[in-house]
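Structure, as structure tokens:
Every read-out reported here was derived from the displayed coordinates using simple, explicitly stated rules and does not represent laboratory data. Here the structure is a predicted model, which means the values were calculated and not measured. Cβ placement follows ideal geometry from the backbone for every residue including glycine, while neighbour counts extend to all protein chains displayed.
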Amino acid sequence: MKRFRLDLSLLFILSFFILFSNVCSDLVISKLDRQVDLSSHIVRFTTSLKVENKGVEAVSKILLPFPENQAKNLAILSVAISVGKGKTKSSSDNLPVEITHPEGMPQALTWYAVSLPKELGKGQSLTLEVKAVFTNLLRPFPEKITQADVQLFAFQDSAHYLSPYAVKIQSLTVKLPEPKVESYTKLENTKFSGSEIKYGPYENIPPFSYPPVVIHFVSNKPFSVAQELVREIEISHWGNVQITENYNLFHAGAEMTGEFSRLDYQARPHVRGASALRSLVARLPARAHSIYYRDEIGNISTSNVWSDSAKTLLEIEPRYPMFGGWRTSFTIGYGLPLKDFLFKSQGKRFLDISFGCPMNDVVIENLIVKVVLPEGSKDFSVVVPFPVKEARETKFSHLDTVGRPVIVLEKTNAVPEHDQNFQVYYRFSNLSLLREPLMLIFGFFLFFVACVAYMHADFTISKSSASYIAKLQWDEVQTTIQQFQNLMNRVLNIHDKLEASLRDLSRTGDVQACKAARKAADSLLKELLKELKPLLSFLQSSPQALQIMPKVEELVTKERELQEKLMLKHSMVVDSYEKKSGGRDIDNRVAAVQQKITLLRQEIDDLLDVIDEI
């Protein structure tokens, strides 16, 4: 209802201005033919109008008004002078068009002024070909449908061409995607045939005449809209232009409600998924190569490529059929031969390549084109056939030192008509081509020089240095300590043999054998004492053994004390056996000595462990 009220207010304003139509009465449109193409969600208006100057003064500009709902969704407006008829008909270059604010005209309209190449004098006429492309003019009605429903859209416009000039005769033809219409406004001279609705011809139409018409029709074509497309074009003077396109796509048609049944979709895709987006076709240059299609998950294999001498067609399918309101993101990339797109002119190089999306019938809400120039490029400029926002960035890649200059071009509300060639001019020295190879050569050269130097370098420590001498001394101390430990273990083994001879004595009563064992032990201990003296002398004289020497001396003292206690115990036991004392008496007699022996043996084992850790 809000939209309907806005149309009523516009109709009221235009009806009021009919009273002041003499403002532009010098110009008259003698014949006007308007065609509206609704075959896709991109609405295209083509208007041919013959303008005559009935006034006295020459006219240099012609005004073109648009309602607010059309002006805010206008993607392209081009005006050219048409000459001839039928097969001999031709058009001039596009004329300059700019927004204007004429005095005394309805402010509810957006006005464009077309500048003529020469003034239109009294009694003269010319024919203009006006082409306008709009997005978001079609509204799904209803806004939500199920998987099995058809998709319906509503289109609203005027049966008469909105103009500040009187029109002698005019007609309107609306082309539909299918010959199926739910309803349409029926006026005088209205005809519906096939997939076209024709209004007119109407004669002697006053300025600002605006009889609204509404067409409610069937369209199951998917409304594919890219919320953002980032297109990166990277130039390599080694023979390649790499294109990478990142899409954030959604279906802008009637939103699907309810559950999605893949079984029903697979069985009857044209009934249970008539409005679904199944695939997209990208028209790439003829010699495109290394083509890939992937998303965040990885490579998508549902794609096909066909190529001939004129083009390369890439058909891609999303991972799932897209219904109204559904979204997906993906990336396509390909390489192009450098010589087909990079040229030289007046000492500069320039890239000549297409600007927009290679897919037909895709509306792009925000198109970002990044042109990555080779490192070392300078004095660059851009020529684009329509207004865009321009910015500069820097990108770092392999072997870059100062980075590559990036030209960023941004265009909102882009349509297939924006897929025109644009040029990027820049200067680049051929010597800069040698930068990266020389860096590689120099890098490898330094690497091999470092390898040679390493192989021939002597990293051993000097034998005259203090650190080397200290290391040798420590090695000698470690060897001496090892010998000392082995010697002490041999002494402890002799002690164990003395203990064993006493156990044999208690079992056999052979006193002579026990005395012989004592004599052998005394002889071995004397020899080991001779071997121990030089080891202790070395450790006492070495500065590296200062930390361990107190433990060594303590161990030697404890061992001598243990040896004395063992000899005392041995003598006491042998003497008791010779006196024929009983076993209990012998145990009582040596109990105190045995307790001391056990304690000393534990202390010696602990000292050996400490020395081993040091």
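Things worth noting here:
- Put simply, the amide H of F208, placed in the peptide plane, has neighbours under 5 Å in S163, Y165, leaving out anything fewer than 5 places away on its chain.
- Largest first and in whole Å, the equivalent-ellipsoid semi-axes of segment 401-476 read 63, 19, 9, each the square root of five times a Cα gyration tensor eigenvalue.
- Long-range amide H partners of R404 with built H, under 5 Å: K395, F396, S397
- Alpha-carbon Rg with Dmax, taken over segment 106-187, Å: 18.5, 61
- Between the residues L49, L77, I407, the greatest Cα displacement towards the positive end of the dipole of the chain, with unit charges on the Cβ of Lys, Arg, Asp and Glu, is found for L49.
- Per-peptide average of other Cβ atoms within 10 Å, ordering 300-309, 241-250, 136-145 highest first: 241-250, 136-145, 300-309
- Placing pseudo-labels 7 Å out from each Cα toward the beta carbon at K530 and F396 gives an inter-label distance of 7.7 nm.
- For the chain, the 222 nm mean residue ellipticity estimated from helices alone, with every DSSP H stretch of n ≥ 4 adding -39500 (n - 2.57) and the total spread over all residues, rounds to -10500 deg cm²/dmol.
- In segment 242-285, the convex hull through the Cα atoms has an average projected area of 4.9 nm², a quarter of its surface area.
- Volume per residue of the convex hull around the Cα atoms, evaluated for segment 285-396, comes out as 173 Å³.
- In order along segment 126-137, the Karplus-derived 3J(HN,Hα) couplings, from 6.51 cos²θ - 1.76 cosθ + 1.60 at θ = phi - 60°, round to 8, 10, 9, 10, 9, 10, 10, 10, 10, 10, 6, 7 Hz, and Gly and Pro are given as x.
- For segment 413-533: relative contact order, % (alpha-carbon pairs under 8 angstrom, 6 or more apart): 16
- The label point for A310 and the one for K85, both projected 7 Å from the Cα toward the Cβ, are 3.1 nm apart.
- Size of segment 90-243 as Cα extents on the principal axes (Å, biggest first): 61, 51, 34
- Around the amide H of T312, modelled in the peptide plane, lie the amide H atoms of L284, A286, all under 5 Å away and 5 or more residues distant in sequence or on another chain.
- For segment 36-135, the equivalent ellipsoid derived from the Cα gyration tensor has semi-axes of 24, 20, 10 Å, listed largest first.
- For segment 501-607, the share of alpha carbon pairs falling in successive 10 Å distance bins from zero is 12, 35, 30, 15, 7, 1 percent.
- Length released on extending from E188 to S301, taking residue separation times 0.36 nm less the Cα-Cα span: 35.2 nm
- Normalised convex hull volume, the chain, alpha-carbon set, Å³ per residue: 367
- Label-to-label distance for D587 and D475 is 5.6 nm, based on points extended 7 Å past Cα in the beta-carbon direction.
- Extension gain (nm, one decimal) between D37 and V271, 0.36 nm per residue minus Cα-Cα: 81.7 nm
- Unit charges on C-beta of K, R, D, E only; dipole of the chain, Debye: 1140
- Dipole size of segment 120-173 about its Cα centre, with +1 on Lys/Arg Cβ and -1 on Asp/Glu Cβ: approximately 260 debye, rounded to the nearest 20.
- Cα-Cα separations in segment 342-389 greater than 15 Å, expressed as whole percent: 58
- Principal axis dimensions, largest first and in whole angstrom, of segment 334-441 by Cα: 49, 28, 25
- Span-like helix criteria (full DSSP H runs; alpha carbon extent of at least 24 Å along the helix axis; mean Kyte-Doolittle hydropathy of at least 0.0) are satisfied in the chain by 435-456, 511-541.
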